[in-house]
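**Q** Take this structure, written in structure tokens, and hold onto it; I'll ask about it next.
The values are calculated or read from the model by the stated rules, or taken from the named source; none is laboratory data. All of these numbers come straight from a predicted model, not from anything done at the bench. Cβ sites come from the backbone with ideal geometry, for glycine too, and all protein chains shown count toward neighbours.
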Amino acid sequence: MLIYKIFRADEWSALQAAGESAGAPIDLADGYVHFSTAAQARETAAKHFAGEGGLVLLACDGDAMGEELKWEVSRGDALFPHLYRPLRMTDVIWSIPLPLTEGRHRFPEDMT
């Protein structure tokens, strides 16, 4: 199953340069890397990245992340994927810019 991470451009560049990342500031504060499902990603962008440009959407294979990926109750009592290890470049299946159109992030129609 694909799961999704939204990174700012500098966070994405740091992951590419180092080969792994402990995540964004919120990830560091919480002690795990936050992900969203395809159904959750748009709300995550609206809630945590409203109006912010220069974002990158990463798709990762949640099934390949092993036991360090935990599904935990979060926003709205929904289960969200949380990774309890650094995110590695080898986890990333694809990445694309997440542009703003009329103040909202434009996601790909098919996030599979």
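**Q** Any residue that is in a strand (DSSP E or B) and either over 20 Å from residue 111 (Cβ atoms) or more than 14 Å from the chain's Cα centre (by Cα) (or both) - is there at least one of those in region 48-56?
**A** Here is the first cut: in region 48-56, the ones in a strand (DSSP E or B) are 55-56.
Then keep just the ones that are either over 20 Å from residue 111 (Cβ atoms) or more than 14 Å from the chain's Cα centre (by Cα) (or both); that gives none.
The answer is no, given that none of the residues of region 48-56 is in a strand (DSSP E or B) and either over 20 Å from residue 111 (Cβ atoms) or more than 14 Å from the chain's Cα centre (by Cα) (or both).
**Q** Is it fair to say residue 109 is at negative phi, surrounded by fewer than 14 Cβ atoms within 10 Å (Cβ to Cβ) and part of a strand (DSSP E or B)? Break it down into steps so the answer makes sense when it comes.
**A** Details: at negative phi: yes; surrounded by fewer than 14 Cβ atoms within 10 Å (Cβ to Cβ): yes; part of a strand (DSSP E or B): no.
So residue 109 does not fit the description; no.
**Q** Right, something else. So, in region 7-28, how many residues would count as being of a type in the set (Gly, Ala, Ser) and part of a helix (DSSP H, G or I)? Walk me through it before giving the result.
**A** Going residue by residue through region 7-28, those that are of a type in the set (Gly, Ala, Ser) are 9, 13-14, 17-19, 21-24.
Next, from what is left, pick out any that are part of a helix (DSSP H, G or I): 9, 13-14, 17-18.
Residues that pass the stated criteria total 5.
**Q** Now a separate question. Give the residues of region 7-22 that are within 12 Å of the chain's Cα centre (by Cα) and either among the charged types (D, E, K, R) or within 15 Å of residue 74 (Cβ to Cβ) (or both), sorted by residue number.
**A** Scanning region 7-22 gives 8, 11.
**Q** Then there is this: If you take the residues in region 65-86 that are surrounded by fewer than 16 Cβ atoms within 10 Å (Cβ to Cβ) and modelled with pLDDT of 95 or more, which one is nearest to residue 22 (Cα to Cα)?
**A** Here the residue is 85.
**Q** So which pairs qualify, if the first residue must be in region 41-64 and in contact (Cβ under 8 Å) with a residue 60 or more places away in the chain, the second must be polar (S, T, N, Q), the Cβ gap must be under 9 Å, and the two must be at least 6 apart or on different chains?
**A** Pairs found: 42/36; 45/36; 62/37.
**Q** Identify, please: which residue in region 29-47 is assigned to a loop (DSSP other than H, G, I, E, B) and within 11 Å of the chain's Cα centre (by Cα) and is, among those, nearest to residue 108 (Cα to Cα)?
**A** 37
**Q** When region 1-35 is examined, which residues are found to be of a type in the set (S, T, N, Q) and without any contact (Cβ under 8 Å) to a residue 12 or more places away in the chain?
**A** 13, the sole residue that qualifies.
**Q** Next question. Sort out which residues of region 1-37 are more than 20 Å from residue 53 (Cα to Cα), among the aliphatic types (A, V, I, L, M) and surrounded by fewer than 13 Cβ atoms within 10 Å (Cβ to Cβ), and write them in order of number. I'd like the intermediate steps shown before the answer.
**A** Filtering region 1-37 down to residues more than 20 Å from residue 53 (Cα to Cα) leaves 1-3, 17-22, 28-33, 37.
With among the aliphatic types (A, V, I, L, M) added as a condition, the list becomes 1-3, 17-18, 22, 28-29, 33.
Answer for region 1-37, where residues must be more than 20 Å from residue 53 (Cα to Cα), among the aliphatic types (A, V, I, L, M) and surrounded by fewer than 13 Cβ atoms within 10 Å (Cβ to Cβ): 1, 17, 18, 28, 29.
**Q** Related question: Scan (1) in contact with a Lys or Arg (Cβ under 8 Å, 6 or more places away or on another chain); (2) under 14 Å from residue 3 (Cα atoms); (3) basic (Lys, Arg) for the single condition residue 70 breaks and write down its number.
**A** (1)
**Q** Does region 57-75 hold any residues that are among the aliphatic types (A, V, I, L, M) and assigned to a strand (DSSP E or B), and which are they? If you could, list the steps in order and put the result at the bottom.
**A** Here is the first cut: in region 57-75, the residues among the aliphatic types (A, V, I, L, M) are 57-59, 64-65, 69, 73.
Passing the criteria: 57, 58, 59, 69, 73.
**Q** Is one or more of the residues making up region 76-95 farther than 17 Å from residue 32 by Cβ, of a type in the set (Gly, Ala, Ser) and not in a helix (DSSP H, G or I)?
**A** Looking for residues that are farther than 17 Å from residue 32 by Cβ, of a type in the set (Gly, Ala, Ser) and not in a helix (DSSP H, G or I), one finds at least one in region 76-95, hence yes.
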